[in-house]
Amino acid sequence: MRLYSRGQLALVGLGGIALALALVFGLGLARLPERSGSPLPRASAEAAAEQGPDPVEAQGGKPAALETRDLILAESFGAEYSVDERENIDVYERFNAAVVNITTEVVAINWFYEPVPQEGGTGSGSIIDARGYVLTNNHVVKDATKIFVNLADGGRYQAEVVGVDPENDLAVIKFDPPKDQRLTVIPYGDSSRLKVGQKLLAIGNPFGLDRTLTRGIVSALGRPIVQQDERTGRQIMIQGMIQTDASINPGNSGGPLLNSRGEMIGVNTMIYSPSKGSVGIGFAVPVNTAKRIVPELIKEGRVRRGWIDIVPVQLFPELVEYMRQNGYAAPVAQGLLISKTPKGGNADRAGMRGGDTAVRYGRSTFFVGGDIVSAVNGAKIATITDLYTALENTKPGDRAEVEYYRNGRKLSAQVQLSDRAKAGVSD
């Protein structure tokens with residue numbers, strides 16, 4: 001056995017303690033306190049650079065007072081909401097107050113044949129001007145004796161019709177907001193830039209449930225939709241409709257269809273549904289149509305459109321057969337037979353002719369033997385609806401090229417258009 005002196009034992013003990021301390025600090029199990037403002041070790045500095053700027057550094061070196069609520073919101077947006085969801089939330093929070101709920105009163109006749117007011121329909125609308133102008137559908141306010149606009153803050157104001165365009169089922173109404181109230185306005189987008197598959201958002205009041213948000217995509221573009229005017233019985237074709245699968249129900253009519261930036265790109269107008277509820281096929285009037293006609297509705301109260309002064313009769317198989325059997329030229333089976341051209345009208349001045357032999361079909365009497373219109377401004381004319389559509393974007397005074405047949409020969413004429421309303425033709 002070897003004996004050690006007390007000095008040797010002390011040295012061995014101190015060496016063991018030094019070795020233990022070296023292992024502890026070397027493995028990072030303990031850390032010496034740093035002075036305020038002392039630089040980070042090299043490894044720590046590199047790690048911090050990879051993680052990005054410190055929240056305190058981002059505030060200019062001054063500690064920011066972070067509350068628990070801020071931390072929870074930051075965590076929620078980071079973890080619970082996707083980028084797509086944040087877009088939806090942002091658009092809704094910025095523009096839902098610009099969507100109004102429209103209610104109407106109409107007049108009905110009671111059992112004693114007395115006019116009595118009663119509740120009409122409901123719809124939606126978009127505030128397009130801080131002065132209180134609202135864009136909606138014509139069918140929402142049609143035949144209403146009173147119109148009320150209901151705002152997001154609970155305010156209810158009576159509104160008046162400024163102008164209507166049945167041809168595109170659009171209307172502008174106006175209410176007078178309090179002078180100290182600042183209205184939220186929905187900005188116009190550009191419907192010509194839409195692509196099939198693009199995300200869309202609809203805000204409206206389906207079944208009276210105000211400011212409801214639904215989402216979908218552009219399902220198709222450029223849909224021509226035909227609807228019948230209940231007052232005149234005439235079929236109206238709205239061109240270029242946007243088809244969407246965003247849920248649209250009764251009460252959404254007149255509300256905005258928005259892109260992901262919150263710009264209005266359409267006015268929700270109708271749905272295709274056997275059940276009268278949403279089945280994923282809705283249609284909206286393109287906002288570019290609204291942008292074109294709204295200034296005129298505000299200024300004139302209507303849209304002035306060009307017209308050809310003729311009394312047209314749409315060709316049908318029995319009429320074509322009758323004409324051919326009786327010696328009248330009918331080189332085409334589709335087109336518009338000119339029954340009459342009012343004397344001095346633009347068609348008469350352009351050399352076009354009406355018929356000279358009266359015939360009766362059902363309850364209608366018209367004249368055969370006149371020219372047959374086949375095209376206007378290059379657009380084929382097969383029906384009366386086609387004629388309205390071909391002239392929809394024209395103004396009185398514009399010139400239109402009309403192609404027609406006379407005695408089997410194809411001719412053309414330049415016609416300076418008249419005002420449709422002054423010609424006695426209703427929209």
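The values are calculated or read from the model by the stated rules, or taken from the named source; none is laboratory data. On a predicted model such as this, the values are computed, not experimentally measured, just so you know. Counting neighbours? That spans all protein chains shown, and the Cβs are built from the backbone with ideal geometry, glycine included.
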TODO: Could you grab the pairs with beta carbons closer than 6 Å, sequence gap of 6+ or different chains, first residue in region 323-342 and under 14 Å from Ala382 (Cα atoms), second one of a type in the set (Asp, Glu) and surrounded by 15 or more Cβ atoms within 10 Å (Cβ to Cβ)?
DONE: Ile338/Asp371
- [ ] Could you figure out which of (1) charged (D, E, K, R); (2) more than 15 Å from Ile338 (Cβ to Cβ); (3) surrounded by fewer than 20 Cβ atoms within 10 Å (Cβ to Cβ) isn't true of Arg420?
- [x] (3)
TODO: Check off (1) over 13 Å from Gly123 (Cβ atoms); (2) surrounded by fewer than 18 Cβ atoms within 10 Å (Cβ to Cβ) for Arg215 and give me the number that stays unchecked.
DONE: (2)
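Considering each of Glu392, Glu403 in turn, give the residue that is under 30 Å from Met241 (Cβ atoms), within 29 Å of the chain's Cα centre (by Cα) and in contact (Cβ under 8 Å) with a residue 12 or more places away in the chain. It would help to see each step written out before you state the result.
Details: Glu403 fails: within 29 Å of the chain's Cα centre (by Cα).
The conditions single out Glu392.
State all residues of region 119-145 that are over 18 Å from Gly251 (Cβ atoms) and either basic (Lys, Arg) or touching a strand residue (DSSP E or B) at 6+ places or on another chain (Cβ under 9 Å) (or both); if no residue qualifies, say none. Before the answer, list the steps.
The first filter runs over region 119-145 and keeps only residues over 18 Å from Gly251 (Cβ atoms), leaving 128-133, 145.
Once the filter is applied, which keeps residues that are over 18 Å from Gly251 (Cβ atoms) and either basic (Lys, Arg) or touching a strand residue (DSSP E or B) at 6+ places or on another chain (Cβ under 9 Å) (or both), region 119-145 yields Ile128, Asp129, Arg131, Gly132, Tyr133, Thr145.
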- [ ] Inspect all residues belonging to region 319-332 and state whether any of them is over 17 Å from Gly408 (Cβ atoms) and not polar (S, T, N, Q).
- [x] no
Task: helices (runs of 4 or more DSSP H) wholly inside region 298-409 containing at least 3 residues that are small (Gly, Ala, Ser) - done: none
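Quick one: in region 271-297, of everything that is not in a loop (DSSP other than H, G, I, E, B) and not hydrophobic (A, V, I, L, M, F, W, C), which residue is modelled with the lowest pLDDT? Show your work before the answer.
Within region 271-297, the subset not in a loop (DSSP other than H, G, I, E, B) is 271, 282-297.
From the residues that got through so far, the ones that are not hydrophobic (A, V, I, L, M, F, W, C) too are 282, 286, 288-289, 291-292, 295-296.
Numbers: Gly282: 90, Pro286: 96, Asn288: 95, Thr289: 94, Lys291: 95, Arg292: 93, Pro295: 95, Glu296: 94.
The selected residue is Gly282.
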Task: Hits in region 384-402 (condition: buried (at least 19 other Cβ atoms within 10 Å of the Cβ) and over 15 Å from Glu167 (Cβ atoms)) - done: Ala400, Val402
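Phe366 - would you say it is buried (at least 20 other Cβ atoms within 10 Å of the Cβ) and closer than 30 Å to Gly132 by Cα?
Values: buried (at least 20 other Cβ atoms within 10 Å of the Cβ): yes; closer than 30 Å to Gly132 by Cα: no.
Considered against the rule, which asks whether it is buried (at least 20 other Cβ atoms within 10 Å of the Cβ) and closer than 30 Å to Gly132 by Cα, Phe366 comes out as no.
Here's the yes/no breakdown for (1) of a type outside the set (Lys, Arg); (2) closer than 20 Å to Ala202 by Cβ:
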site: Glu85; (1), (2): yes, yes
site: Asn88; (1), (2): yes, yes
site: Val91; (1), (2): yes, yes
site: Pro115; (1), (2): yes, no
site: Gly132; (1), (2): yes, no
site: Val140; (1), (2): yes, yes
site: Asp153; (1), (2): yes, no
site: Arg156; (1), (2): no, no
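In region 155-172, what count of residues is obtained for those that are part of a loop (DSSP other than H, G, I, E, B) and within 19 Å of the chain's Cα centre (by Cα)?
Taking region 155-172 and keeping what is part of a loop (DSSP other than H, G, I, E, B), we get 155, 166-169.
Narrowing further to those that are within 19 Å of the chain's Cα centre (by Cα): 166-169.
Residues that pass the stated criteria total 4.
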Open item on the list: Against the conditions (1) surrounded by 15 or more Cβ atoms within 10 Å (Cβ to Cβ); (2) closer than 19 Å to Arg420 by Cα, where does Arg349 fall short? Just the number, please.
Closed with: (1)
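Restricting to strands (runs of 3 or more DSSP E) lying wholly in region 77-154: which have 1 or more residues that are more than 16 Å from Val267 (Cα to Cα) and not basic (Lys, Arg)? Steps first, please.
Numbers: elements: 99-109, 115-129, 133-136, 146-150.
Qualifying strands (runs of 3 or more DSSP E): 99-109, 115-129, 146-150.
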